[in-house]
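Each reported figure results from applying straightforward, stated rules to the coordinates on display, with no laboratory input. Small disclaimer: the values here were computed from a predicted structure and weren't measured. Neighbour counts run over all protein chains shown; Cβ positions are idealised from the backbone, glycine included.
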Amino acid sequence: MSTKARSIALIIFCQVACMTLWFSASAVVPGLIAAGLISSARGSLLTGAVQLGFVGGTLISAYFGLPDRLDPRRLFAGAALLGSITNVLILATGFDHPLTIALRFITGIALAGVYPVGMKLAAGWAGGRLGLMIGALVGALTLGSALPHLFRAISDLDWGVVIAASSLCALVGALLINLTALGPAHARAASFKPAQAWHMLRKPSVLLVNGGYLGHMWELYAMWAWIGSFLIWGLSLDGTTGLEANSALMTFIVVASGAVGCLCAGFLADRFGRTTVTMVVMLVSGTCAALIGSAALLGPAFMMAVAVLWGITIVADSAQFSAAMTELCEPSLVGTMLTLQTSMGFLLTFVAIQGMPLAIEWLGWRYAFAVLAIGPFIGAFFMWQLRSQPDALKLAGGKR
């Protein structure tokens, strides 16, 4: 196996392994809420703490230019090790201890050294297939985020097994990332000046890409965090037994299906253009968000079909915003700009995740997810605006 193939395979594998930390606690939340062991508000906070920690970590990383000044493999490894430790400590605290929220917050900080840094590592090997390469990496993130739901489904709903398995996965990822090599397109900044990033952030094309990304993020993590509870509700309408076990497996399928969407969208975006693919995907995803509550009334099979289509499209465009940022920025600023982009996006996800219990209370499950449809529809508008920008010719080899 060539150095390139080995490195790419290891980067993807390590991303899958380490991103299990993200939903390691959230995967068991629907069952805990259904059993009356925690409230919906605390369930939201367990997920939201990771988002806020990630935002804090990315802001620190971006301010000091860490992804562009340090060896990204060592940064990735150290962050993954920290996340593994803070995650496994939940075995001692449980979910009703005040320290658990702090542990999830620190886990989010650690993941700031995993996700955007992994994208920088992948971009170094991309060549002319940037969309597909980053699509594969975001597909790995998606699969890693889905795995805790599978751990939960096959471990007889034992939350301790879910936490232990995800911590072990992250530890393995922390070790194996050191075996990768840096790609030929990897660029390292000799020094970093925050003003450089601020200037780049204000470019019209970059503003539009980030606008599209924020619309996408308004929908994504709120859906991932709450789809399990929605499926329990949807199955209950049909009188299905074993709601929690069935919903855990179904949630895994819905979230994991996004990995297929990431790969397909990456291939198509490199061939037909980033703005074209992101607009189509966001319009389909937003439509699913608006209709899935009504789909549940037509039976579990129809509900699941819409949920899987939503799972595929809701994350399919994610990598293309990162790819576009990579193509529009100076090579020495790529790591920092990707980190800033994700920081803004995940700050928004905190608002969406925390707002879902209110939407559920006021609108009911039939209409609660329709609130999320606003994001992708606005995001599609921003990407349509980007097509008219001169910088759009830098995207996907001029295919926009």
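Some notes on this structure:
- For the chain, the longest principal axis of the C-alpha atoms and the axis of helix 40-63 are separated by about 10°.
- In a simple Cβ point-charge model (Lys, Arg +1; Asp, Glu -1; nothing else charged), the stretch 273-400 has a dipole of about 260 debye relative to its Cα centre.
- Global geometry of the chain, whether rounded, prolate or oblate, following the gyration tensor of its Cα atoms and the 1.5 cut on a/c: oblate
- Taking other C-beta atoms within 10 Å as the exposure proxy, THR107, THR349, THR3, THR93 rank THR3, THR93, THR349, THR107 from fewest upward.
- Each residue in ARG274, ARG387 was given a count of other beta-carbon atoms within 10 angstrom of its own, and listing them fewest first yields ARG387, ARG274.
- Distant alpha-carbon pairs in the stretch 1-159 (separation over 23 angstrom), percent: 40
- Under the convention that each Lys and Arg Cβ holds +1 and each Asp and Glu Cβ holds -1, the size of the dipole of the chain around its Cα centre is about 1200 debye.
- Neighbour-count ranking [beta-carbon atoms within 10 angstrom, fewest first] of LYS203, LYS120: LYS203, LYS120
- Straightening the chain between VAL172 and ALA92 buys 26.7 nm, computed as 0.36 nm per residue apart minus the Cα-Cα spacing.
- Distances between every pair of Cα atoms in the stretch 75-172, grouped in 5 Å steps from 0 to the bin holding the largest one, split as 2, 13, 19, 22, 19, 12, 7, 4, 2, 0 percent.
- Charged-residue dipole, Cβ positions (Lys, Arg, Asp, Glu), the stretch 1-119 about Cα centre, Debye nearest 20: 280
- The alpha-carbon positions of the stretch 318-400 define a convex hull whose volume is 95 Å³ per residue.
- Segment LEU37-TYR367, length gained on full extension (0.36 nm per residue, minus Cα span): 116.2 nm
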